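Taking it in order: structure first as structure tokens, then the write-up.
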Amino acid sequence: MYLTKTPKFIQSLFPSFTWRVNEQKEKVLYLTFDDGPIPEVTPWVLEQLKKYDAKATFFCVGDNVRKHLDIFQQVVKEGHTVGNHTYHHLSGWRTDNIPYFHDIRKCASLVKSDLFRPPYGRIKPKQTQFLSRHYKIVMWDVLSGDFDQNISAEDCYQNVLKAVVPGSIVVFHDSLKAENKLKNVLPRILEHYYLKGYTFKAIQSNFNKKKRLSEVA
């Protein structure tokens, strides 16, 4: 069970998280891609984004970066921002704090960013407290559902259309699990909002202004 639109009351309960970007209602969307990079999907995503001069944010699993460093470097070279998504895609709810922090630090040795997204959006209060000192914890206000094997590509497309507002942070996945729906939906979303006058921006990282977690943890 998941919510395709994160209710405002939930967002208000966790004000230290970034749920969307307020730009005085400018027509801007923040597309994000979780769980890559992988050769079967990530290069294709980059091709689609390039068609619309779109920038995005990729929350990368450290082990995938290790295995596909060339693709990760391509993401950065093409002007997108990257974020830490742990090394082994760990759920904070199911992982003790110290092993969780060590896994994030291992990812940080490869992904130089102060952006962090907890896998599954699951993170404990103590984990939040510690990580907030070193990272901007980025959640979302629109979840496409591209990972859900029980919905159709059209359902996924409608999930986004019904929930997006200016400044929305939208979650997709550059993963094998999401591949079929993503390849149907992403081009349609890019075209739809481009024709409506939207631009697509990356969430900005202030990494160079902060110490890395690997230096302080």
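Read the figures in this text as sums done on the coordinates, not as results from a lab. What you see is a predicted model; the values in this text were computed from it and never measured. Cβ coordinates were reconstructed from backbone atoms using ideal geometry, including for glycine residues, and neighbour counts include every protein chain displayed.
Roughly speaking, what is the centre-to-centre gap between the stretch 175-202 and the stretch 1-33 when only Cα atoms are used, to the nearest Å?
Spelled out, the Cα-based centre of one part sits 18 Å from the other.
At a temperature of 20 °C and a viscosity of 1.002 mPa s, determine how fast the stretch 137-187 diffuses translationally according to Stokes-Einstein, using the Kirkwood radius over alpha-carbon pairs as Rh; express D in µm²/s, rounded to the nearest whole number. Walk me through the numbers before you get to the answer.
Values: Rh = 11.1 Å.
Calculated translational D: 194 µm²/s.
Under 5 Å between amide hydrogens, which residues at least 5 positions from Val170 or on another chain qualify, with H placed 1.01 Å from N in the peptide plane?
Amide H neighbours of Val170, under 5 Å, 5+ apart: Tyr30, Leu31, Thr32.
For the chain, what value does the Rg/Rh ratio take when both radii are computed over Cα atoms and Rh is the Kirkwood radius, given to two decimals? Can you show the working numbers first?
Working: Rg = 16.2 Å, Rh = 17.3 Å.
Expressed as Rg/Rh, it is 0.94.
Does the stretch 21-85 come out rounded, prolate or oblate, given a ≥ b ≥ c as the square roots of the eigenvalues of its C-alpha gyration tensor, rounded meaning a/c under 1.5 and, failing that, prolate meaning a/b above b/c?
Working: a/c = 2.58, a/b = 1.67, b/c = 1.54.
Prolate.
Could you work out the Kirkwood radius for the stretch 42-122, taking every pair of different alpha carbons, averaging 1/r and inverting it, reported in Å? Don't jump to the answer; show the numbers that get you there.
Working: mean 1/r = 0.0764 Å⁻¹.
With all distinct Cα pairs of the stretch 42-122 included, I get 13.1 Å.
Determine ³J(HN,Hα), in whole Hz, for all residues of the stretch 167-174 in sequence, where each value follows from phi through the Karplus function 6.51 cos²θ - 1.76 cosθ + 1.60 and θ = phi - 60°; x replaces Gly and Pro.
x, 4, 9, 10, 9, 10, 10, 8
Sticking with the crude label model, points 7 Å out along Cα→Cβ, report the distance from Phe9 to Arg133 in nm, one decimal please.
Distance between label points: 3.4 nm.
Under 5 Å between amide hydrogens, which residues at least 5 positions from Thr18 or on another chain qualify, with H placed 1.01 Å from N in the peptide plane?
Under 5 Å from the amide H of Thr18 lie the amide H atoms of Ile137, Val138, Met139, each far enough along the sequence or on another chain.
Need the list of aspartates and glutamates near Lys112 for cross-linking: C-alpha distance under 20 angstrom, and skip anything on the same chain fewer than eight residues off.
Asp34, Asp35, Asp63, Asp70, Glu78, Asp103, Asp174, Glu215
Determine ³J(HN,Hα), in whole Hz, for all residues of the stretch 180-187 in sequence, where each value follows from phi through the Karplus function 6.51 cos²θ - 1.76 cosθ + 1.60 and θ = phi - 60°; x replaces Gly and Pro.
Running phi through 6.51 cos²θ - 1.76 cosθ + 1.60 with θ = phi - 60° gives 4, 5, 4, 5, 7, 8, 4, x Hz.
Out of residues 5 or more away from Val82 or on other chains, whose amide H comes under 5 Å of its own, with H placed 1.01 Å from N in the peptide plane?
Here the answer is Phe58, since their amide H atoms fall under 5 Å of that of Val82.
At 7 Å along Cα-to-Cβ for each site, give me the label-to-label distance between Gln204 and Gln73 in nm.
Modelled inter-label distance: 2.8 nm.
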